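The values are calculated or read from the model by the stated rules, or taken from the named source; none is laboratory data. Keep in mind it's a predicted model, so treat the numbers as computed, not measured. All Cβ positions, glycine included, derive from the backbone under ideal geometry; neighbour counts span all protein chains shown. For the accessible areas, the whole protein counts, side chains as well, though only heavy atoms, and no ligand, DNA or RNA atoms are used. Shrake-Rupley method; radii C 1.70, N 1.55, O 1.52, S 1.80 Å.
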Amino acid sequence: MEVRVLQERLAKALNIVSRVAASTRAALPVLSNILIRAENNKLVLTATNLELATVDYLSAKVQKEGTITVPAKLLAEFVSNLPKGVDVEIVTKDNKLTVKAGQYRSVMNGIIADDFPELPQIDEKKAVMFKVGVEDFKGAITEVVVASSNDTTRPALTGVYFNTYEGALYIASTDGYRLAERRFIEKVVSEVFTIVPTTSLQEVLRSITDDVEEIEILFDDTQVRFRLGEIEITSRIIDGNFPDYRQLIPKKTDVVVDLSKEEFMRMTKMAALFARESGGSVVCETKKIDKQFLISAVASELGENTSYIEAVVSEDGKVVLNSRFLMDALNAISEENLSFGFSGKLSPVVIRNAKNKDYTHIIMPLKS
């Protein structure tokens with residue numbers, strides 16, 4: 001292999017691809033390596049941990065084609081420390097990779113490419129495909145992943161559920177105590193009902209570069225592929241049944257109050273300071289006659305805190321919530337104003353944007 005490529009482009013690609021190799025804890029040493037393939041004036045970088053695979057296609061001057069695998073972390077850190085603006089020359093011989101740039105030279109021991117796992121394949125003719133703008137993708141995924149679970153004993157809850165409903169594509173996640181749903185694409189023709197690991201989606205978010213405007217998503221029976229310009233990220237899908245979550249979303253609530261997100265967050269943070277002794281529980285209360293929405297918390301050793309904001313309130317009511325869950329929900333809201341609703345001490349709390357109702361966040365109350 002003999003290749004020349006610009007340092008900035010190579011460093012950026014290695015940074016993206018090496019994260020997957022660095023995340024593996026498998027016994028196979030080759031999984032800590034990057035597969036480098038030079039062909040058709042492209043330098044193709046690949047890493048996998050057997051559940052997730054990332055491929056980056058770089059334009060390069062390929063004088064001689066070839067393949068090799070080398071330690072991901074070592075190569076990524078070496079190239080990132082080279083001077084910007086220089087051409088990097090990559091040459092292989094006898095399972096060794098030589099990297100040269102000006103007065104800098106390094107020789108790395110590699111492993112033959114034959115030992116690298118076979119990459120996942122998706123039949124694009126049979127796959128279900130969607131396209132979405134990058135800003136819409138980032139916003140929607142960020143709003144939903146916050147409610148996913150880390151409990152590996154319930155794998156279906158450790159991912160985001162992509163599902164079509166009434167001609168639209170929705171995404172949802174839940175950990176059993178809260179639920180987040182977002183209408184992802186308004187009109188679709190194909191159907192999909194698939195759980196994508198949250199960790200895979202977070203890797204996609206981290207891999208989005210400034211030049212990407214649209215993301216292509218392809219689903220087959222066992223995998224999903226995200227195409228971001230020259231980058232492809234392929235992930236296994238979670239084999240399991242996602243809860244029938246729509247039946248958990250109240251169609252209406254007895255108490256409804258419209259609030260400023262900024263003021264609501266400030267009140268919640270103040271109450272949370274006093275709620276540490278009580279497992280983070282804070283009391284949200286509405287007073288119709290006084291036109292007030294209050295948040296309070298009591299700590300036997302520290303004292304107590306009560307804050308209120310003037311608001312139009314439909315009914316009197318009181319509900320106890322986990323302050324961290326509440327702050328997570330408020331951070332996910334994209335508008336300046338929000339709608340906060342509930343029907344009783346044990347009924348789900350519904351939080352939505354005041355105007356755009358595409359996003360719904362549900363929090364189950366604590367027993368007071």
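Miscellaneous remarks
- At least 1 residues being touching a Gly at 6+ places or on another chain (Cβ under 9 Å), within 24 Å of Ile16 (Cβ to Cβ) and without any contact (Cβ under 8 Å) to a residue 60 or more places away in the chain is the threshold, and among the strands (runs of 3 or more DSSP E) wholly inside segment 171-267 those reaching it are 193-197.
- Unique match (being open to solvent by less than 50 Å² (accessible area, probe 1.4 Å), closer than 30 Å to Gln7 by Cα and not charged (D, E, K, R)) among Ala172, Ala140, Ala147, Ala113: Ala113
- Subset tally (residues that are open to solvent by less than 10 Å² (accessible area, probe 1.4 Å), over 26 Å from Gln223 (Cβ atoms) and of a type in the set (Asp, Glu)) for segment 30-84: 0
- Scanning segment 268-288 for residues that are among the hydrophobic types (A, V, I, L, M, F, W, C), part of a helix (DSSP H, G or I) and over 21 Å from Glu310 (Cβ atoms) returns Ala272, Leu273, Phe274.
- If you go through segment 158-170 and keep only what is in contact with a strand residue (DSSP E or B) (Cβ under 8 Å, 6 or more places away or on another chain), more than 19 Å from Asp221 (Cβ to Cβ) and in contact (Cβ under 8 Å) with a residue 40 or more places away in the chain, you end up with just Thr158.
- Residue among Leu28, Leu45 that alone is aliphatic (A, V, I, L, M) and in contact with an Asp or Glu (Cβ under 7 Å, 6 or more places away or on another chain): Leu45
- Only one of the numbered conditions (1) of a type outside the set (Gly, Ala, Ser); (2) open to solvent by 40 Å² or more (accessible area, probe 1.4 Å); (3) in contact (Cβ under 8 Å) with a residue 24 or more places away in the chain is violated by Leu338, and that is (2).
- Any pair with Cβ under 6 angstrom, 6 or more apart, that starts in segment 133-154 at a residue that is within 15 Å of Val212 (Cβ to Cβ) and ends at one that is open to solvent by less than 20 Å² (accessible area, probe 1.4 Å) and among the hydrophobic types (A, V, I, L, M, F, W, C): Val134/Val212; Val134/Ile215; Phe137/Ile215; Ile141/Leu201
- Test: residue in segment 85-105 that is open to solvent by less than 30 Å² (accessible area, probe 1.4 Å) and within 20 Å of Val192 (Cβ to Cβ): no
- Within the option set Arg236, Arg225, Arg206, Arg182, being out of contact with any strand residue (DSSP E or B) (no Cβ under 7 Å at 6 or more places or on another chain) and either open to solvent by 10 Å² or more (accessible area, probe 1.4 Å) or at pLDDT 95 or above (or both) holds for one residue only, Arg206.
- Boolean, Ser343 is open to solvent by 30 Å² or more (accessible area, probe 1.4 Å) and polar (S, T, N, Q): yes
- Of all residues in segment 49-72, those that are within 16 Å of Asp114 (Cα to Cα) have Cβ atoms under 7 Å from Cβ atoms of residues that are among the charged types (D, E, K, R) and open to solvent by 20 Å² or more (accessible area, probe 1.4 Å), 6 or more apart or on another chain, in Glu65/Glu39; Thr67/Arg37.
- So Glu301, is it out of contact with any His (no Cβ under 9 Å at 6 or more places or on another chain), closer than 23 Å to Leu346 by Cα, assigned to a loop (DSSP other than H, G, I, E, B) and among the charged types (D, E, K, R): no
- Within segment 116-137, the set of residues being out of contact with any strand residue (DSSP E or B) (no Cβ under 9 Å at 6 or more places or on another chain) and surrounded by 18 or more Cβ atoms within 10 Å (Cβ to Cβ) is empty.
- Failed criterion for Val282 (all others in (1) open to solvent by 30 Å² or more (accessible area, probe 1.4 Å); (2) out of contact with any Phe, Trp or Tyr (no Cβ under 6 Å at 6 or more places or on another chain) hold): (1)
- Unmet requirement for Phe193, which otherwise passes all of (1) of a type in the set (Phe, Trp, Tyr); (2) open to solvent by 80 Å² or more (accessible area, probe 1.4 Å); (3) under 30 Å from Val319 (Cβ atoms): (3)
- In segment 288-315, the residues that are open to solvent by 100 Å² or more (accessible area, probe 1.4 Å) and under 17 Å from Lys261 (Cβ atoms): Tyr308, Glu310, Val312
- A residue that is buried (at least 19 other Cβ atoms within 10 Å of the Cβ) and at pLDDT below 95 can be found somewhere in segment 356-366.
- Taking the criterion of being in a loop (DSSP other than H, G, I, E, B) and among the small types (Gly, Ala, Ser), the residues of segment 58-92 that qualify are Ala60, Gly85.
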